[in-house]
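K.L.:
Please find one structure pasted underneath; my questions will follow.
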Amino acid sequence: MKPNERLAALAGRWRIARVIRHADGGTARMRGTAEWLAEGVGLRCVEEGMLEQDGRPFAARRETLWRATAGAIDVRFADGRPFHVIDGGTSRHDCAPDLYELRYDFAAWPHWSVRWRVVGPRKNYRALTRYCREA
């Protein structure tokens, strides 16, 4: 799919399940929704759910901005700062001193996932988020 087609296909509401595995052995899990809403020339993704870590539930929320470019999808933080670019393979975000590597998998569309590997002095974890279109 071309970036503008992929972006259009994301519009709407998705169920998400996320597992975060910390290098120290701790695990956190999140269940919730992600909704891509039209905004300007792109979409605003709003993720909301409950994150459980160490037996305690926390409300979790994240917003990102998604825009199609000629050959990729540009993902930015909610305030417009660059986050990463989805152009196949691994995406990277250097948030010194930590480094984020993301791998998107759209092979089983409309089920898809993103894997995160975050390393650095402040963070060290792997995460997997699975997306499934809400009926």
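Coordinate-derived values only; no laboratory data. Small disclaimer: the values here were computed from a predicted structure and weren't measured. A quick note on method: Cβ atoms are made from the backbone with ideal geometry, for glycine too, and the neighbour counts reach across all protein chains shown.
K.L.:
Which log10 I(q)/I(0) values does region 81-135 give at q = 0.21 Å⁻¹ under the Debye formula, counting every alpha carbon as one identical point scatterer?
P.N.:
Values, matching the q order: -0.81.
K.L.:
Here's another thing I want to ask about it. List the residues of region 93-110 whose backbone N lies under 20 Å from a point placed 7 Å from the Cα of Met1 along the Cα-to-Cβ direction.
P.N.:
Residues 102-110 fall inside that zone.
K.L.:
When Glu134, Glu47 are ordered from fewest to most other Cβ atoms inside 10 Å of their Cβ, what list results?
P.N.:
If I rank by nearby Cβ atoms, fewest first, I get Glu134, Glu47.
K.L.:
Simple spin-label model, 7 Å along Cα-to-Cβ: Glu101 to Ala38 in nm?
P.N.:
Distance between the two pseudo-spin positions: 3.9 nm.
K.L.:
Sticking with this one: Could you grab the relative contact order for region 1-119? Cα pairs under 8 Å, six or more apart, rounded to a whole percent.
P.N.:
15 percent
K.L.:
Further, regarding this structure: Treating only the Cβ atoms of Lys and Arg (+1) and Asp and Glu (-1) as charged, compute the dipole magnitude of the chain about its Cα centre; round to the nearest 20 debye.
P.N.:
280 debye
K.L.:
Give me, ordered by chain and number, the residues 5 or more places off Thr69 or on other chains with an amide H under 5 Å from its own placed amide H.
P.N.:
Asp74
K.L.:
Any idea how far apart Arg61 and Lys123 come out in nm if each label point goes 7 Å out from Cα toward Cβ?
P.N.:
Placing both labels 7 Å along Cα→Cβ, they lie 2.0 nm apart.
K.L.:
Grab the other residues whose beta carbon is less than 10 angstrom from that of Arg133, score K and R as +1, D and E as -1, and report the net.
P.N.:
Result for the local shell: +1.
K.L.:
In square nanometres, what is the average projected area of the Cα convex hull of the chain?
P.N.:
Averaging across all directions leaves 8.5 nm² for the Cα convex hull.
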